[in-house]
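The values are calculated or read from the model by the stated rules, or taken from the named source; none is laboratory data. From a predicted model like this one, the values you see are computed outputs, not experimental measurements. Every residue, glycine among them, receives a Cβ derived from its backbone with ideal geometry; neighbour counts consider all protein chains shown. Remember, those area values only see protein heavy atoms, side chains included, never the ligands or the DNA or RNA. Shrake-Rupley method; radii C 1.70, N 1.55, O 1.52, S 1.80 Å.
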Amino acid sequence: MSKSPVVISSKGQLDGILKSSTIVVADFFADWCGPCRQIAPLYETLSHSLTRPNLVTFVKINNDSNQDLAEEYGVSALPTFLIFRDAKVMEKVQGANPKQLQGVVTKLAAQVETLGESSASGTGPWRGAEIPRGYIDITDQIEKTGCELLNADEAAGPVRVLFETSKPSALEKGDSSANDWVESGADDQLLLFIPFQSSIKLHTLQLTSLPPQGQDDVSRPEVIRLYINRTQNMDFGEADETEPTQAITLTADDWNPDGTANIGLRFVKFQKTTTLVVYVQQGYGSPEKVRIDRLKLVGEAGPRRDMGKLQKVGDDE
């Protein structure tokens, strides 16, 4: 299923989506509307973050070619965003107000939680730990082609496996063929550089680590240092000598039964994050190697960086 908003061409199409999806977010816009174009990248980002099959659907409705729908729902200004639940309008946002729209969508994320979108339901991606209420999974904001992992063992998986939405193979009984994890090579250190498609607000880092039982030479991360807004990856000496944005020491109690640690960050320090360096400085018990199976990021996504300057655009442009 595409995560881009569905373009509505008729009342019948919208009615069908309202029947099939529990929550529907609708953007009434016009091609000539400057503020509509201004907020469109943010709406696209939210759609990619929250779309769930048969649960949450984002749609776009051209006001000029769907006057019947505009009249039915009392759309008198553009853009107008309507949030439906069970085919009934629950929220309405008028105008290109990113802060207000983000706030409404934050509430939407909480509603998704109450609908039971979890690994047990089978309707969404695997989740190693619960997402803090009021925030969303923004892992899809990672620019995967720009990621770099230093000191990685080539016998394990490539860096992109960290961001997969599937359940780690180590949790699937009898499945040991998929190298869907990363592992250090020469020692128990890893340096991961992560660029983002937008300037994000980072609230929580979720790490899943599932080292093989009975192998003392492979361990989970223990000491982690985070750095933000670097233009490129660091080297190990630089990372050791540079003051981190936040330093974390994990204990055995931080890992849940699915092998995931929910790491709360000092939110005020991660308000405008364009890149993140995750430095695993040490594993438990000074092992030969350290392993990570999944990495998820939780917070708030901003407008994509390629949208140009965010400024007020006149309606006549």
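Checking the condition in contact with a Pro (Cβ under 8 Å, 6 or more places away or on another chain) and modelled with pLDDT under 95, which residue from S198, S209 passes?
Exactly one residue qualifies, and that residue is S198.
How about the stretch 13-47: which of its residues are touching a Pro at 6+ places or on another chain (Cβ under 8 Å) and not β-branched (V, I, T)?
Selection gives D27, F28, F29, C33, P35, C36, P41, L42, Y43, E44, S47.
Can you tell me which residue in the stretch 12-50 is nearest to S199 (Cα to Cα), limited to those that are assigned to a loop (DSSP other than H, G, I, E, B) and open to solvent by less than 10 Å² (accessible area, probe 1.4 Å)? Let's see the steps before the verdict.
In the first step, residues of the stretch 12-50 are kept if they are assigned to a loop (DSSP other than H, G, I, E, B); the result is 21-22, 30-33.
Okay, now just the ones that are also open to solvent by less than 10 Å² (accessible area, probe 1.4 Å), so 21, 30, 33.
Values: S21: 30, A30: 27, C33: 25 Å.
Per the stated criteria, the residue is C33.
Restricting the stretch 1-37 to residues that are of a type in the set (K, R) and farther than 21 Å from D64 by Cβ, which is modelled with the highest pLDDT? Quick ask: steps written out before the conclusion?
Within the stretch 1-37, the first condition is being of a type in the set (K, R), and the residues that meet it are 3, 11, 19, 37.
If we keep only those that are farther than 21 Å from D64 by Cβ too, we end up with 3, 19.
On the way: K3: 78, K19: 85.
Of everything passing the filter in the stretch 1-37, K19 is modelled with the highest pLDDT.
Pull up the stretch 279-292, narrow it to residues that are in a strand (DSSP E or B) and farther than 30 Å from S198 by Cβ, then point me to the one that is least open to solvent (accessible area, probe 1.4 Å). If you could, list the steps in order and put the result at the bottom.
Filtering the stretch 279-292 down to residues in a strand (DSSP E or B) leaves 279-283, 289-292.
From the residues that got through so far, the ones that are farther than 30 Å from S198 by Cβ too are 282-283, 289.
Values: Q282: 72, G283: 0, K289: 48 Å².
Step by step, filter the stretch 279-292, then rank; the result is G283.
Working only within the stretch 38-58, note down all residues that are within 16 Å of I200 (Cα to Cα), at pLDDT 85 or above and not aliphatic (A, V, I, L, M).
Correct list: P41, Y43, E44, T45, S47, H48.
Restricting attention to the stretch 100-110, does a residue exist that is at pLDDT 85 or above and either in contact with a Leu (Cβ under 6 Å, 6 or more places away or on another chain) or of a type in the set (S, T, Y) (or both)?
No - not one qualifying residue is present in the stretch 100-110.
Is it true that some residue in the stretch 92-103 is of a type outside the set (D, E), within 13 Å of L14 (Cα to Cα) and without any contact (Cβ under 8 Å) to a residue 60 or more places away in the chain? Break it down stepwise before answering.
Of the stretch 92-103, the ones of a type outside the set (D, E) are 92-103.
Next cut, within 13 Å of L14 (Cα to Cα) only: none.
Within the stretch 92-103 (the criterion being of a type outside the set (D, E), within 13 Å of L14 (Cα to Cα) and without any contact (Cβ under 8 Å) to a residue 60 or more places away in the chain), the answer is no, since none of the residues qualifies.
Looking at Y279, Y284, which is the one that is modelled with pLDDT of 95 or more, in contact with a helix residue (DSSP H, G or I) (Cβ under 9 Å, 6 or more places away or on another chain) and over 17 Å from T204 (Cβ atoms)? Even if it seems obvious, please write down each step before you answer.
Numbers: Y284 fails: modelled with pLDDT of 95 or more.
Checking each option against the conditions leaves just Y279.
Listed residues D137, D187; which is surrounded by 14 or more Cβ atoms within 10 Å (Cβ to Cβ), of a type in the set (D, E) and farther than 18 Å from T208 by Cα?
On the way: D137 fails: farther than 18 Å from T208 by Cα.
Step by step, each of D137, D187 is checked, and only D187 is surrounded by 14 or more Cβ atoms within 10 Å (Cβ to Cβ), of a type in the set (D, E) and farther than 18 Å from T208 by Cα.
Return a yes/no flag: does the stretch 152-170 have any residue that is on the phi < 0 side of the Ramachandran plot and part of a strand (DSSP E or B). Even if it seems obvious, please write down each step before you answer.
In the first step, residues of the stretch 152-170 are kept if they are on the phi < 0 side of the Ramachandran plot; the result is 152-170.
Now restrict to residues that are part of a strand (DSSP E or B): 152.
Taking every residue of the stretch 152-170 in turn, at least one turns out to be on the phi < 0 side of the Ramachandran plot and part of a strand (DSSP E or B).
Considering only residues of the stretch 74-103 that are within 14 Å of K60 (Cβ to Cβ), of a type outside the set (V, I, T) and part of a loop (DSSP other than H, G, I, E, B), which is most open to solvent (accessible area, probe 1.4 Å)?
L78
Just the residues that are more than 16 Å from the chain's Cα centre (by Cα) and touching a residue at least 40 places away in the same chain (Cβ under 8 Å), please, taken from the stretch 182-207.
V182, E183, S184, G185, D187, D188, Q189, L190, L191, L192, F193
Within the stretch 154-184, track down each residue that is acidic (D, E), open to solvent by less than 40 Å² (accessible area, probe 1.4 Å) and at pLDDT below 95.
Selection gives D180 alone.
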